[in-house]
Every structure is written in C-alpha cells, then in structure tokens.
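The values are calculated or read from the model by the stated rules, or taken from the named source; none is laboratory data. These numbers come from a predicted model, not from an experiment. Here Cβ is always computed from backbone atoms with ideal geometry, including for glycine, and neighbour counts include all displayed protein chains. Areas reflect the complete protein model, heavy atoms only, side chains present, ligands, DNA and RNA absent. Shrake-Rupley method; radii C 1.70, N 1.55, O 1.52, S 1.80 Å.
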Amino acid sequence: MAGLNAVKIATLGSHSALQILKGAHDEGFKTICVVTPDRIPLYSRFNFIDKIIKISSFSDFPKIENTLISQKAVVIPHGSFVAYLGLEANKKMKVSYFGNKKVLDWESDRLKQRIWMEKAGVPVPKRFKKASEIDRPVIVKSYGAAGGHGYFFAKNKKEFQARFKNFHAKEYIIQEYVIGVPLYIHYFYSPISKKLEILSIDKRYETNVDSLGRIPSQNQQGLGIEPSFVVVGNSPLTLRESLLAEAFEMGERVVKTSQALMPGGIWGPFCLETIITPEQKFSIIEISCRIVAGTNLFVDGSPYAAFYFDKPVSTGRRIAMEIKEAIKRKQLKKILN
Ligand code: AMP
Ligand code: AMP
C-alpha cells in the first residue's frame, strides 16, 4: 500500500467516529465518514471530515466497499460495526480493516471469552451453568447484547426462575452479580513497538441502576423497581495508583494469551470491563476488542496518555499514529486485515 498521503482513514458515522476521524486528521490523514442520511447534518459540521459517503442504512455498507478500496481507505471498526453490521459482515469485509478479525469469534462467544480470560489468569465472576446451582445474586446476559440491553438481575434462585420465564434470548450466560465500582480500562497494544499502553479509564453511567441509590431503600419497597443496565454516558476516572500495576499486568497477560489462542493475537485498542470490589479485587466482566465509547471523553488526551506523549492523544489519534508508524516502516500489512 502507498504512503501517508494516499491512505485515507474511514469509519461509520456513529459511536466514536468523531474521535477517530479527528485523531486521523491531526496525524495528517484524509478522512472519510460513511453515514446514513439522518446523520449527514451532524457529520457535515466538522472540518476534519474530508469526505462523506452516504448509505441508506448501515447494512448497505458492503455496497460501498469498492469505493473505499479505490480510495485506499483503512477502516477503523468501533462499537457500531458489530452492533449494526453484524459479526459475519465484519469478517467478510474486503476493505483494509485495522485490527485482527480473528479475535471476533473469541469476543462474541461469551464462553470462549471466558476461556481467554481464565487462561490469561484474570479474575472473572463465577458462572452458573445450571439454574439449580444459583446461590447468590446473579446477572443474566444474552450474547451480543450491547450497551447493557437484554440483561436481567435476580437476587436468588427463586427470582431467577420467575424472571427467566420472560427472557427470550437463545444464548445467554448466568454470572455472579459482583457488587463494586464498574471501571473500564482503555488499553492500546502496539504490534510495532510490542508495548501495551493504558490510554484512559472511564466509568459508565447506566439507567436505572446508577440512580437507584437516590431513592432510599425503604421508599423503594413496594415500587417493584427492577435494575436495568442501559448505558447513557460515561464519566472519566483515574484509578488508585496502587491498582495500576495490576491493571497493566492483566492487560499484558490478555495480549500474550491472545497470541497463543489466535494467530497474531489482539492488537490496537481494547477494553477490560472490570468491577472493583471493596477488597480492591478486580473482576473482569467483559473484554471489548476495539475502541470503546468511553474513550470519547478523552479527545483532548487523558491523564494517562500524557505519560507517553507530549501532545493530546485520544485512542482515535493513537490508532492513526500506529498506522502512520507502520507506513513509515513499510509494515502496514502487519496491522491490517
Ligand atoms: P450509537 O452510536 O449510540 O447508535 O451506538 C452504537 C453502539 O455502541 C450501540 O451498540 C450502543 O449500545 C454502543 N454504545 C454507544 N455508546 C456507548 C457508550 N457510551 N458505552 C457503551 N456502549 C455504547
Ligand atoms: P457489559 O455489557 O458486560 O459491559 O455489562 C453492562 C453493565 O451491566 C455493566 O456496566 C455493569 O453495570 C453490569 N454488569 C455486567 N456484568 C456484571 C456482573 N457480573 N456484576 C455486576 N454488574 C454487571
């Protein structure tokens, strides 16, 4: 593939597109945003987007792939790629794609994901294979659920059985409900420097679970309120420095294990979604193998990115920096699929 001037950075207009394209522009790339008609007014507002390609719905993405290929575009996947295009469409994409598609199967299957985490020696919440085994509060999650939709909470076996009758997911996992602070660690692994960075950390704000504490429990009684976990936004957070060493080590083990499990392993941005208990123990509830929306807080850099770079670096910009470095070293193929 050609040099920096020829390669363009492209993504779908959604999720973290603004951050990705701003970062690409700041690193000197031309940018392309693929958008549905309703979002054209939004993405037209910003000068760092050089070209807008219209599609009538996200599922029409394959129809404009050849245009992207002719533009020498590198596509940066984000949360909407799997959520709106689906796993198979991602795997079949012909246009250059930043990241390793081999991780997609390991990520989308919650049991495979668990094997990966366990092999990496990162703590995961207890899993209940059968309802009869439930002996504590649990959360039931369907596969591929995004943004906390399609989950339910049960405080014991009896409640599980009552709620399960109205749960229609084909594939799901029953997990111990870990009480603690949810914390999302945004990593970046560079296959070029072979180093792992923590670029930022966020905490999600979820409705209604994060607002239940505003009504004292005696007033909640009789209201029949069920906790739900639908994400509405994110807040920044820095971790107690004493917990940071473990955060790095967990990330490094996850990368190393991925290299043993799938050819090439994971590279680029990923996120460990953790809950920290009062004993200051991490519990990893999920891995997201791409840029996560919580990084949108840090378009202008973060308290962690500042330790590596003398300029404001978001995850979006970090991706562009990696592509630039790969072009310089003639290793672009190594970081694309
Ligand atoms: P949207 O761009 O809001 O349509 O979201 C695209 C996908 O990303 C959906 O699957 C959302 O559930 C997920 N998503 C969007 N924003 C967030 C967020 N702040 N945290 C976690 N997931 C998100
Ligand atoms: P996820 O889609 O796995 O990121 O989960 C969405 C939200 O559900 C999280 O941000 C948590 O608030 C909640 N959640 C998921 N798994 C657990 C768990 N094992 N224990 C407690 N809360 C959880």
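May I ask you to list pairs of residues, at least six apart or on different chains, whose Cβ atoms are under 6 Å apart, with the first in segment 310-337 being in contact (Cβ under 8 Å) with a residue 12 or more places away in the chain and the second being open to solvent by 70 Å² or more (accessible area, probe 1.4 Å) and not in a helix (DSSP H, G or I)? Hits for this filter: Pro312/Asp300; Leu332/Met1. Given the structure, is Val124 in contact (Cβ under 8 Å) with a residue 40 or more places away in the chain, β-branched (Val, Ile, Thr), open to solvent by less than 60 Å² (accessible area, probe 1.4 Å) and in a loop (DSSP other than H, G, I, E, B)? For Val124, the condition - in contact (Cβ under 8 Å) with a residue 40 or more places away in the chain, β-branched (Val, Ile, Thr), open to solvent by less than 60 Å² (accessible area, probe 1.4 Å) and in a loop (DSSP other than H, G, I, E, B) - is met.
Put simply, of Tyr187, Tyr205 the only residue that is under 20 Å from the mean Cα position of the chain (by Cα), free of Cβ contacts under 8 Å to residues at least 40 places away in the same chain and within 16 Å of ligand 2 (Cβ to nearest atom) is Tyr205.
Among the residues of this structure, Val74 counts as one that is open to solvent by less than 70 Å² (accessible area, probe 1.4 Å), assigned by TED's automatic domain parsing to the domain that holds Ser57 and either in contact (Cβ under 8 Å) with a residue 12 or more places away in the chain or outside any helix (DSSP H, G or I) (or both).
Across segment 156-178, the qualifying residues are those that are among the acidic types (Asp, Glu) and in contact (Cβ under 8 Å) with a residue 24 or more places away in the chain, and the one among them that is nearest to Ile285 (Cα to Cα) is Glu176.
Of the residues making up segment 273-288, those that are away from ligand 1 (no atom under 14 Å from the Cβ) and surrounded by 17 or more Cβ atoms within 10 Å (Cβ to Cβ) number 6. Just give me the residues in segment 303-334 being in contact with a Ser or Thr (Cβ under 7 Å, 6 or more places away or on another chain) and of a type in the set (Asp, Glu), in sequence order. Within segment 303-334, just Glu322 meets the criteria. In segment 222-239, the condition of being open to solvent by 50 Å² or more (accessible area, probe 1.4 Å), touching a strand residue (DSSP E or B) at 6+ places or on another chain (Cβ under 9 Å) and over 24 Å from Asp300 (Cα atoms) is met by at least one residue. When segment 85-115 is filtered for residues that are of a type in the set (A, V, I, L, M), over 17 Å from Asn66 (Cα atoms) and open to solvent by less than 10 Å² (accessible area, probe 1.4 Å), the ones remaining, listed by number, are Val103, Leu104.
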